[in-house]
Amino acid sequence: MKKSKEYILICSMVLVVFFLPSSTYSAKIRDLCEVQGVRGNILKGIGLVVGLAGTGDSVPVTRLAQRQMLERLGLTISNLKDVSPKNSALVMVTAEIPPFAKEGTRVDVKVDAIGDCKSLEGGMLLETHLRGPGLGDTVYAVAQGPVSIGGFNAERGGGGTGMRKNHPTSGRIPLGAYIEREVPSTITDGKRIVLLLKRPDFQSADRIRQAIDNEFRESIALAMGGGAIRVTVPDIYCQDLVGFIARIENIEVTTSPPAKIVINERTGTIVIGGDVVVKPCEVAHGNLTIKITTTPQVTPATPFTQSQPVVTETSALEVQESDAYLMPIAGTSASEVAQALNKLKISPRDMISIFQALKEAGALEAELEVM
């Protein structure tokens, strides 16, 4: 009896194409800009998580951290070997302090294992001082609390098998840090504020400037390049800066998506901007298919012996390449470009190559970004 198995090796990916609208749309200034000086700050510190069920560190530095912690509590340890780190883990503790946060405000904390800890499940973070950027000694927040990892890491002793959900060496402590010191921030010099564009663009900066001047019916905005707009505070708002900024952030501005194509080759995702234009050109495309045919061959056993039949397989390799034809492609919008490329019935990887070739040939009037 012969069985035939055919394996067709085709490189395939899941294609997801998104199209941004080609027409203009309205967005509020708060979605396009940020006020200079209104920003968060990253805090960091080294902490110790205790209460682990034998899944802690085995590195010597954790023993040292345990001894220092016990000495602060009045317990002197003369020999590091008297301390077992298997129920403890050295962790990096980070948090972001929001702008204008006052003393006593609570923020979330991120906890990540530094050593060879297997899991932080069930652990408790001891008091950890969080400092700002650099090597400063100023403590801006203090963190402490039970660590939530949202998963588990179960192993079967001796068998080498186990099950893991999510990432057990990284967790969070919701509202686990109290802010002890306010981070100073300045958003105005008393007369002006500066708006920073999240995506610098000269056209967007000019439209924002015009929208602000039209809202207040006077020339108070000045575009300082494509990334910043300086706004003079009117006299009637000198004592109400918050109200002035709130009014500016609520102004609607007409914007349009950039002519851009973003490609993620790993996932097969292609995002095409609505203003993408392809000049008239012709594209040739051909498919390559590799077919491997395996045919089992059975050699009967020798009669009147205890030998077994011998099964061997004979493989045949066949390469097929379809004919390639030149197909005209031209479009003035993302949908027309996609319809033209879909006629070729190509894979995402080939589509990515075609976009790159169109860009090199000067037929693609858009920015091409490969992630």
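The values are calculated or read from the model by the stated rules, or taken from the named source; none is laboratory data. Owing to the predicted nature of the structure, the values given are computational and were not obtained by experimental measurement. Ideal geometry is used to build each Cβ from the backbone, glycine not excepted, and the neighbour counts take in all protein chains shown.
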>> Show me the strands (runs of 3 or more DSSP E) found entirely inside region 256-371 where at least 3 residues are at pLDDT 65 or above.
In response: 260-264, 269-272, 277-285, 288-299, 310-321, 367-370
> If you go through region 209-227, how many residues are of a type outside the set (A, V, I, L, M) and touching a residue at least 12 places away in the same chain (Cβ under 8 Å)?
Replying inline: 7
> What number of residues in region 34-85 are under 30 Å from Ala101 (Cβ atoms), in contact with a Gly (Cβ under 7 Å, 6 or more places away or on another chain) and part of a loop (DSSP other than H, G, I, E, B)?
Replying inline: 1
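Can you tell which of Val253, Val194, Val277, Val183 is surrounded by 16 or more Cβ atoms within 10 Å (Cβ to Cβ) and within 19 Å of Gln356 (Cβ to Cβ)?
Details: Val253 fails: within 19 Å of Gln356 (Cβ to Cβ); Val194 fails: within 19 Å of Gln356 (Cβ to Cβ); Val183 fails: within 19 Å of Gln356 (Cβ to Cβ).
On inspection, the qualifying residue turns out to be Val277.
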> Only one of (1) at pLDDT 80 or above; (2) over 33 Å from the mean Cα position of the chain (by Cα); (3) of a type in the set (Gly, Ala, Ser) fails for Ala205. Which number is that?
Replying inline: (2)
> Here are Val111, Val93: which of them is in a strand (DSSP E or B), touching an Asp or Glu at 6+ places or on another chain (Cβ under 9 Å) and closer than 20 Å to Thr62 by Cβ?
Replying inline: Val93
>> Which numbered condition in (1) without any contact (Cβ under 8 Å) to a residue 40 or more places away in the chain; (2) more than 18 Å from Phe244 (Cα to Cα); (3) in a strand (DSSP E or B) is the only one that Arg230 fails?
In response: (2)
> Within the set of pairs 6 or more residues apart or between chains, which connect a residue that is within 19 Å of Ala221 (Cα to Cα) inside region 182-199 to a residue that is part of a loop (DSSP other than H, G, I, E, B) and polar (S, T, N, Q) with Cβ atoms less than 8 Å apart?
Replying inline: Ile187/Gln36; Ile193/Gln36; Val194/Gln36; Leu195/Gln36; Leu196/Gln36
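May I ask you to say which residue of Arg266, Arg217 is assigned by TED's automatic domain parsing to the domain that holds Val370, loosely packed, with under 14 Cβ neighbours inside 10 Å and out of contact with any Pro (no Cβ under 6 Å at 6 or more places or on another chain)? Break it down into steps so the answer makes sense when it comes.
Values: Arg217 fails: assigned by TED's automatic domain parsing to the domain that holds Val370.
On inspection, the qualifying residue turns out to be Arg266.
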> Looking at region 176-216, which of its residues are aliphatic (A, V, I, L, M) and assigned to a helix (DSSP H, G or I)?
Replying inline: Ala205, Ile208, Ala211, Ile212
